[in-house]
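Right, one structure below, let's go through it.
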Amino acid sequence: MGSTIFSKIINKEIPADIVYESNDILAFRDINPQAPVHILIIPKIEIPKISDVNSAEHGIIISKMIDVANELAIKENISDDGFRLVFNCGKNGGQEVYHLHLHLLGGRQMKWPPG
Ligand code: 5GP
């Protein structure tokens, strides 16, 4: 266990600005924010990427991650105006860290199409 930087954050081996923690989910502020609110929501179990989600157990985790995103959006006052949730997957998806994470972005107008 412990193959990415996010495992080190989970294990408190390196610091992060943690905004939510439960027995199976962690959320912390992105070190290089792309919006006024930019939070990463991750499972504590190691799933490399969204295309590896393949079981009912994983499905429950994804559902919990979305619940946490919605709760944090309310807490961060971005729920009413709206926000964006993103899973980058693989090389063409722009994924850099191969520990599943959901980006919660808000506090500004998002553009479409994404870059
Ligand atoms: P990806 O491109 O894989 O979807 O997103 C990875 C995200 O993790 C990036 O937005 C990057 O800024 C963030 N990140 C990478 N290393 C760290 C770190 O050590 N701490 C925090 N808080 N965020 C990180």
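The values are calculated or read from the model by the stated rules, or taken from the named source; none is laboratory data. As the structure is a prediction and not an experimental result, all values here were calculated from the model. Counting neighbours? That spans all protein chains shown, and the Cβs are built from the backbone with ideal geometry, glycine included. Accessible surface areas use protein heavy atoms only, side chains included; no ligands, DNA or RNA. Shrake-Rupley method; radii C 1.70, N 1.55, O 1.52, S 1.80 Å.
Just a few scattered comments:
- Residue that is nearest to I5 (Cα to Cα), among those in the range 91-108 that are in contact (Cβ under 8 Å) with a residue 24 or more places away in the chain and more than 10 Å from the ligand (Cβ to nearest atom): L104
- Single condition M1 does not satisfy, out of (1) away from the ligand (no atom under 14 Å from the Cβ); (2) open to solvent by 80 Å² or more (accessible area, probe 1.4 Å); (3) modelled with pLDDT of 95 or more: (3)
- Picking from residues in the range 19-28 that are of a type in the set (A, V, I, L, M, F, W, C) and without any contact (Cβ under 8 Å) to a residue 40 or more places away in the chain, the one that is nearest to the ligand (Cβ to nearest atom) is F28.
- K49 vs. criteria surrounded by 15 or more Cβ atoms within 10 Å (Cβ to Cβ), of a type outside the set (G, A, S) and more than 23 Å from P114 (Cβ to Cβ): no
- Candidates L85, L40, filtered to the one that is open to solvent by 50 Å² or more (accessible area, probe 1.4 Å) and under 25 Å from G115 (Cβ atoms): L85
- Members of the range 58-78 that are touching a Gly at 6+ places or on another chain (Cβ under 8 Å) and either open to solvent by 70 Å² or more (accessible area, probe 1.4 Å) or not charged (D, E, K, R) (or both): A73, I78
- Filtered residues of the range 68-90 (kept if away from the ligand (no atom under 12 Å from the Cβ) and part of a loop (DSSP other than H, G, I, E, B)): E76, N77, I78, S79, D80, D81, G82
- Test: A16 is assigned to a loop (DSSP other than H, G, I, E, B) and in contact (Cβ under 8 Å) with a residue 60 or more places away in the chain: no
- Against the test of being of a type in the set (V, I, T), more than 8 Å from the ligand (Cβ to nearest atom) and part of a loop (DSSP other than H, G, I, E, B), the options I47, I42 yield a single qualifying residue, I47.
- Filter result for I31 (loosely packed, with under 15 Cβ neighbours inside 10 Å, within 18 Å of E21 (Cβ to Cβ) and within 14 Å of the ligand (Cβ to nearest atom)): yes
- Taking (1) within 15 Å of the chain's Cα centre (by Cα); (2) part of a loop (DSSP other than H, G, I, E, B) in turn, N23 satisfies each apart from (1).
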